[in-house]
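The values are calculated or read from the model by the stated rules, or taken from the named source; none is laboratory data. Remember, it's a predicted structure, so these values are computed and weren't measured experimentally. FYI the Cβ positions are ideal-geometry reconstructions off the backbone, even for glycines, and counts take in every protein chain you see. Each accessible area value is taken on the protein alone, full model and side chains, heavy atoms only, with ligands, DNA and RNA left out. Shrake-Rupley method; radii C 1.70, N 1.55, O 1.52, S 1.80 Å.
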Amino acid sequence: MIKRSFKSKLILSYVFVIVISFAFLAFFLDKNLEKNSIHNIETSLINQAYLVENQITPGNIKQGDVAQLESLVTSLSRRVKCRISIINNLGKVLADSEKTQQEVLHMENHLYRPEIKAALAGGTGIDTRYSSTLKIDMLYVALPIKENTEIIGTIRLALPLESVQKTLNEIRKTILIGLLFALALAFILGSIVAGNTIRPINRMIQVSRRFS
């Protein structure tokens, strides 16, 4: 009983160390992968936003030519594979690749959206939040649209984070499989090491019994 108990404790100690080590590794790996994935998508969206911005004529924004802007964002959205919105400097949405002209008229003002505020201030706006319109988590990137030095509006690109989550879930499954494999390996190795450890102890016990 004592030998079995000691062997079991040794095996459990090896398994415990493997589990804790692997859990910490999996946690930090998961966080870094998520952070790097989102950062790469942000960089890609910003580059695409610059390319889209070059296609926009400032006059169409100042004149509020929604028909021309809608045609443009619909065409460009198919190329870059993301949602495109054009917003004037008062926060009014002029065109959206996911909405018709009639639907755009009823969209709420975007002036106080974090990414729009940053773009209207002359910077690059980035925000991640739940879209009440599309009912999913979205990553938003916005750039200012200028005429000479005057900011007349913003171009915003949005991408659902579903694809990122799917990739991360696949990686998490792989990590879980690795953890189970590590547990099985730890149990086998623990049994071998425990057996080698208690063998000389058993001999000592036998010798002491003979002397006693």
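When the residues of the stretch 6-34 are narrowed to those that are open to solvent by less than 60 Å² (accessible area, probe 1.4 Å) and closer than 18 Å to Phe181 by Cβ, which ends up modelled with the lowest pLDDT?
Ile11
Sort out which residues of the stretch 124-137 are in contact (Cβ under 8 Å) with a residue 24 or more places away in the chain and under 15 Å from the mean Cα position of the chain (by Cα), and write them in order of number.
Ile126, Thr128, Ile136, Asp137
The rows are residues; the columns are (1) within 20 Å of the chain's Cα centre (by Cα); (2) open to solvent by 50 Å² or more (accessible area, probe 1.4 Å); (3) not polar (S, T, N, Q).
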{"position": "Gly91", "(1), (2), (3)": "no, no, yes"}
{"position": "Gln102", "(1), (2), (3)": "no, yes, no"}
{"position": "His106", "(1), (2), (3)": "no, yes, yes"}
{"position": "Ile116", "(1), (2), (3)": "no, no, yes"}
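Starting from the stretch 45-70, take each residue that is within 13 Å of Lys146 (Cα to Cα) and list its partners that are open to solvent by 40 Å² or more (accessible area, probe 1.4 Å) and not in a helix (DSSP H, G or I), counting only C-beta distances under 6 angstrom and pairs at least six apart or across chains.
If the second residue must be open to solvent by 40 Å² or more (accessible area, probe 1.4 Å) and not in a helix (DSSP H, G or I), the pairs left are Pro58/Glu147.
How do the pairs read when you match residues in the stretch 159-188 that are more than 26 Å from Glu115 (Cβ to Cβ) and at pLDDT below 75 with residues anywhere that are among the hydroxyl-bearing types (Ser, Thr, Tyr) and surrounded by 14 or more Cβ atoms within 10 Å (Cβ to Cβ), using Cβ under 8 Å and keeping only pairs 6 or more apart or on different chains?
Ala186/Tyr14; Phe187/Tyr14
I'd like to check something: does the stretch 92-107 contain any residue that is among the charged types (D, E, K, R), out of contact with any Ser or Thr (no Cβ under 9 Å at 6 or more places or on another chain) and assigned to a helix (DSSP H, G or I)?
Looking through the stretch 92-107, at least one residue is among the charged types (D, E, K, R), out of contact with any Ser or Thr (no Cβ under 9 Å at 6 or more places or on another chain) and assigned to a helix (DSSP H, G or I).
Kindly indicate which of Ala121, Ala142, Ala95 is modelled with pLDDT of 90 or more, loosely packed, with under 12 Cβ neighbours inside 10 Å and at negative phi.
Being modelled with pLDDT of 90 or more, loosely packed, with under 12 Cβ neighbours inside 10 Å and at negative phi holds for just one of Ala121, Ala142, Ala95, which is Ala121.
Take the conditions surrounded by 11 or more Cβ atoms within 10 Å (Cβ to Cβ), more than 30 Å from Glu53 (Cβ to Cβ), basic (Lys, Arg) and modelled with pLDDT of 70 or more and apply them to Arg156. Does it pass?
It is false that Arg156 is surrounded by 11 or more Cβ atoms within 10 Å (Cβ to Cβ), more than 30 Å from Glu53 (Cβ to Cβ), basic (Lys, Arg) and modelled with pLDDT of 70 or more.
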